[in-house]
Amino acid sequence: MFANVRKELLKMRHRLPRDARPDVVTMGGADEAYYYWENWGRFWEEDSKALEWLRGIVKPPSAAQWRSLKAYVLVEQLLVLLPR
């Protein structure tokens, strides 16, 4: 899912972008995100679990989560190098 669509779905107020044109949709653009919300947003809003999941995707990982992930990747790489 495009980042602009995620942002649009999580907004409290939705406005058609000023540069949007009725005859063109910009792939991955703010106008595409708005049109996606306009057509499908009600289904997302009906499912609070879906929006909760979406918020989790948009939220960047904390510093502790990054350190944990880096440590995990390092251990995985070391395990691959060990003789079996």
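Read the figures in this text as sums done on the coordinates, not as results from a lab. In this text the structure is predicted, and so the values were computed from the model without any measurement. Quick reminder, even Gly has a Cβ in these numbers, built from the backbone with ideal geometry, and neighbours come from all protein chains shown.
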List, largest first, the extents of the alpha carbons of region 3-59 along their principal axes, each in whole Å.
34, 21, 17
Put a dot 7 Å past each Cα toward the Cβ at R55 and D23; how far apart are the dots in nm?
4.2 nm
Fewest-first ordering of W53, W44 by Cβ atoms within 10 Å yields W53, W44
